[in-house]
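These notes concern the structure reproduced below.
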Amino acid sequence: MPAPSPSRFEEVAPPASALVESLRDIGYSLATAISDIIDNSIAARATHVEWFASPYDDEPAIGLLDNGSGMSQDELREAMRLGSKHPDDIRDEHDLGRFGLGLKTASFSQCRNLTVLTRKAGHLSGARWDLDLIKETGEWTLEFLTDYSEVPWAENLNEDGTLVVWQTLDRLVEPDNKSDRSHLVEQLDEAATYVQLVFHRYLAGEAGIKKLQITFNNRRLEPFDPFHSKHPSTIIGPKELFRMANHKILIQPFTLPHHKKVTNDEWEIHAMREGYVKNQGFYIYRKYRLVIYGTWFSLARQAEMTKLSRICIDMPSELDSYWKIDIKKASAQLPEALKKHLKQLIEKIIVSSKRVYIGQGSREVTSEQLPVWLRIPGKDRITYCINQEHPIIDDFERSLSKDQSQVFCRLLRLIYSSFPVDALFADIATDPTLVNNENYDSNSLEELVRAAYNLLDKAGTKFDSVEKALLSSNPFKAYRELTQQVLNDIRKDQINGF
Ligand SMILES: Nc1ncnc2c1ncn2[C@@H]1O[C@H](COP(=O)(O)OP(=O)(O)OP(=O)(O)O)[C@@H](O)[C@H]1O
Ligand SMILES: [Mg+2]
C-alpha cells in the first residue's frame, strides 16, 4: 500500500463582512449593549460615565464617555480587534470583561459605525469600525482618525478617559421610516432603567468596589435596589457561604414587603416592568454587577405565593466557566454543584414567603375579635364563610321567625359559596391596590358602631372589651379614628348620664 501523503494545512479565515454581520444578531438589546460598554469603563477604573443620546438629530447618535485609564494608540488597536483577549486570560480583580468581544459585538448590535476616542497621559487617539467599509473592502479595515472634530461629544474628552460613539443606528431607527424616533426613545428609556438595576451596587457604592456615577443626558441615574433592602418590612434572610472549586459564593435571601407595608409608588417600582411573579427568583451578581435575574433555573415554579422572594447570589468571575456566562453577560446556567444546595434553600424560602403572603390575610381575619368573614383551614382546602355569630348578624337572625331564619341562612350560604375567589385572586395578583371594599360615609359608620355597641352592651360586655373588639375588626378597624370618636362620644354620654 502506498504511504499516505502528509496532510495539507491552509488558513481558512472567515470572510470579514459575513462574520461581522452575523455577529450583530447574537441577541443584544440596547440595554444589554450599553451595559457591556459600561463594564469596560468599570474595568478601566472610571468613577464617572456620561451617557449621551441625541435621538431627535437628523443622524441620531449614542455616546458613552468615561474618566477611566484611557488607552494608548497600540492599546486602542488591540481593543478594536475582535477577540482581543482570551477567555482564559487572568484578568484584573475589577475587570468585568471575559471574551475580548463586548465593545465590538455590543456596538455592532446597535449601529453600523463605531468610533472610539481615547486619551491616555494626555495623548489622544481615535479609531473607527465602519461596517459599510468592511463590506466594501471585504477585509478588517480599521480607520485611524486624525480629525476628531466631527465625532459627537469629542469636545467632552478633556482628561484621560474613553469615548465610545455609535452612529448609523440602523437597528434603533428604521431606515425606511427615519422620522419616527419613538422606538429609539422608548429603548433609551428602558435601557436607563436597566442600567439603574444592573449597576445598582456600583451606583450606590459598597465596600470592595469603586463607586460609579452614571449620568444620562446629564440626568444622574440613581441606584435601583431590587431587594428593597432598606425598608424595615423587608425580611433579610441569613447570609450563607457556599464553596465551589475553592471560590466563595455568597447567598442571601430577601422577602420583599407585602403591599400593605409600602406606598403604592414603592409597590409599583419594585414590581419592575414584568411584575412580581416574573421577577421572583435568583439575582446573580458577577463582581457586584447583576448578570441574570428573575429565574429559579427550573428548580421551582414562579408562583403567586412566592412572588416576593428574591435571592441574591454573589459569584466571583473565576467561576464563569461553571456558570457558562454568555458574551452579553445577560444569561448564565446554574452549576450542578450549586443546584442541590439551592433547591433546599428554595424549599425553606417558599414556606416562609407563603407565611408573609397568606399571613397578611389570615392574621387579619383570625386576630379580629368580631370577624364578619371566617377563614377555616381544612385538611386539603380552605373555606371562607360568613360568621353568623357576629353580633349584628346574630341579632338580625334572632329578629326573624323560624322560617325566615332558615331562608336567611340559605341566603348567607348562597352568598359565601359563590364568592368570586378566582376574580379576586386575579385582581390582587395584577394590582392589589385596586381591590378596595365599599367605603362607609361617616353617618352610616356611626350607626353601625352604635348598633354593634348596643348589642354587645346588652349582652353584658364591658365598654373596654367592646372598644377592643370593635377596633380589632373590620370595617371598624379600617375607620379607626371615626370608630374611636363615636365610642368616645358614647362614653361621654354614659358619664354624663344620658
Ligand atoms: N472604556 C475603556 N477604557 C479603557 N480600555 C478599554 C475600554 N473599553 C475597552 N477597553 C479595552 O479594550 C479591550 C476589549 O474590550 P471588549 O469589551 O471588546 O472586551 P473585554 O472587555 O476584554 O471582554 P468582554 O468581551 O467580556 O467584554 C478591553 O479588554 C480593554 O483593554
Ligand atoms: Mg468588555
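Some values worked out for this structure:
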| item | result |
| --- | --- |
| Any hit, region 392-400, residues being more than 28 Å from Thr483 (Cα to Cα), assigned to a loop (DSSP other than H, G, I, E, B) and modelled with pLDDT of 85 or more | yes |
| Residue check for Ser69: among the polar types (S, T, N, Q), at pLDDT 90 or above and within 8 Å of ligand 1 (Cβ to nearest atom) | yes |
| Restricting region 70-99 to residues that are in contact with a Lys or Arg (Cβ under 6 Å, 6 or more places away or on another chain) and under 22 Å from Leu145 (Cβ atoms), the residue that is farthest from ligand 2 (Cβ to nearest atom) | Ser72 |
| Cβ-Cβ under 6 Å pairs, at least 6 apart or on other chains, region 74-85 side closer than 13 Å to Val116 by Cα, far side more than 8 Å from ligand 1 (Cβ to nearest atom) | Leu76/Ser125; Leu76/Ala127; Met80/Ala127; Met80/Leu142 |
| Residue count, region 478-498 (criterion: modelled with pLDDT under 85 and assigned to a helix (DSSP H, G or I)) | 3 |
| Subset of region 452-477 (residues that are outside any helix (DSSP H, G or I) and over 15 Å from Gln369 (Cβ atoms)) | Gly460 |
| Residue match in region 83-104 (condition: of a type outside the set (A, V, I, L, M), near ligand 1 (Cβ under 8 Å from one of its atoms) and at pLDDT 95 or above) | yes |
| Single condition Ser22 does not satisfy, out of (1) closer than 29 Å to Tyr293 by Cα; (2) more than 28 Å from the chain's Cα centre (by Cα); (3) small (Gly, Ala, Ser); (4) within 12 Å of ligand 2 (Cβ to nearest atom) | (4) |
| Verdict on Lys104 being closer than 30 Å to Ala207 by Cβ and charged (D, E, K, R) | no |
| Tally of residues being assigned to a helix (DSSP H, G or I), surrounded by fewer than 24 Cβ atoms within 10 Å (Cβ to Cβ) and either at pLDDT 95 or above or among the aliphatic types (A, V, I, L, M) (or both) across region 18-31 | 5 |
| Residue that is within 14 Å of ligand 1 (Cβ to nearest atom), in the same structural domain as Glu190 (by TED's automatic domain parsing) and either under 17 Å from Lys287 (Cβ atoms) or crowded, with 20+ Cβ neighbours inside 10 Å (or both), where the choices are Ala61, Ala44 | Ala44 |
| Qualifying position, being in contact (Cβ under 8 Å) with a residue 60 or more places away in the chain, assigned by TED's automatic domain parsing to the domain that holds Val165 and within 16 Å of ligand 2 (Cβ to nearest atom), among Ser54, Ser107 | Ser107 |
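Here's the yes/no breakdown for (1) at pLDDT below 95; (2) farther than 27 Å from Pro335 by Cα; (3) under 11 Å from the mean Cα position of the chain (by Cα); (4) among the β-branched types (Val, Ile, Thr):
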{"position": "Val198", "(1), (2), (3), (4)": "no, no, yes, yes"}
{"position": "Lys210", "(1), (2), (3), (4)": "yes, yes, no, no"}
{"position": "Pro232", "(1), (2), (3), (4)": "yes, yes, no, no"}
{"position": "Ile236", "(1), (2), (3), (4)": "yes, no, no, yes"}
{"position": "Phe254", "(1), (2), (3), (4)": "yes, no, no, no"}
{"position": "Ile269", "(1), (2), (3), (4)": "no, yes, yes, yes"}
{"position": "Glu274", "(1), (2), (3), (4)": "yes, no, yes, no"}
{"position": "Val277", "(1), (2), (3), (4)": "yes, no, yes, yes"}
{"position": "Arg286", "(1), (2), (3), (4)": "yes, no, no, no"}
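The values are calculated or read from the model by the stated rules, or taken from the named source; none is laboratory data. Quantities reported herein were computed from a predicted structural model and do not represent experimental measurements. Note: ideal-geometry Cβ built from the backbone for every residue, glycine included; neighbour counts use all protein chains shown.
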